[in-house]
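Chemist: Below you will find the structure I want to go over with you.
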Amino acid sequence: MAKATITELALPRIHTIRKQRVVLDADIAVLFGVETKRLNEAVRRNLERFPADFSFEVTEEEFAALRSQIATSKGRGGRRYLPRAFTEHGALMVANILSSPKAIQMSIYLVRAFVKMRDELTAKLGVLRRLAEIDKKLIEHDVVLREVLERLQPLLNPAPEKSKPKIGFHRGNR
């Protein structure tokens, strides 16, 4: 089995919350090689760098939904605090405030993971648009074919000819 790259490992950790693709604080901490607690401390010391579109705290309901999707319990009793979610730009900002060589390297991998995910979504949207065009053409062709069939139907199944009276004198069976 081929060894997975960091980009491939980061892809499953990108979640969709509030219609945004985000990475949770614990996942960024693993990628950057720091403790989640230390990462969150650094973020709290630099809150002005993290507007709502860069980072936000996950609600209880969102975390419950994530927990059911992730289904990974480490047996340590779980988290005491709700996780923080970081958008692509927020993850880059974390790399800036941590500024360790590993954080910078991992931020590049994380950006590549977001770009790969965006490219895959774009490719899927292109396929869906093409399928919609094909579907539209098929509907148009179906309408035209029905019209042609309706016009050809009388020629394919002509009405039975009415019997014409025979000319001349005929002897009938009486």
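Each value in this text was obtained by applying a stated rule to the coordinates, not by laboratory testing. This structure is a prediction, so every number in the text was calculated from the model and none was measured. FYI the Cβ positions are ideal-geometry reconstructions off the backbone, even for glycines, and counts take in every protein chain you see.
Chemist: If a helix is a whole DSSP H run, which ones in the chain reach 27 Å or further along their own axis (Cα) and hold a mean Kyte-Doolittle hydropathy of at least 0.0?
Modeler: Values: long enough: 101-156 (81 Å, 0.14).
Span-like helices here: 101-156.
Chemist: Still on this model: Between region 23-38 and region 143-169, what is the separation of their alpha carbon centroids in Å?
Modeler: 80
Chemist: Long-range amide H contacts for Val22: which residues qualify at under 5 Å (H placed 1.01 Å from N, peptide plane, sequence gap of 5 or more or a different chain)?
Modeler: Here the answer is His15, Thr16, Ile17, since their amide H atoms fall under 5 Å of that of Val22.
Chemist: Applying a 10 Å radius around every beta-carbon, put 53-61, 103-111 in order of their mean neighbour count, most first. Each step should come with its number before you reach the end.
Modeler: On the way: 53-61: 14.6, 103-111: 18.4.
Top to bottom by mean Cβ count within 10 Å: 103-111, 53-61.
Chemist: If the viscosity is 1.002 mPa s and the temperature 20 °C, what Stokes-Einstein diffusion coefficient in µm²/s follows for the chain when Rh is the Kirkwood radius over Cα pairs? Could you put the intermediate results ahead of the total?
Modeler: Numbers: Rh = 21.3 Å.
It diffuses with D of about 100 µm²/s by this estimate.
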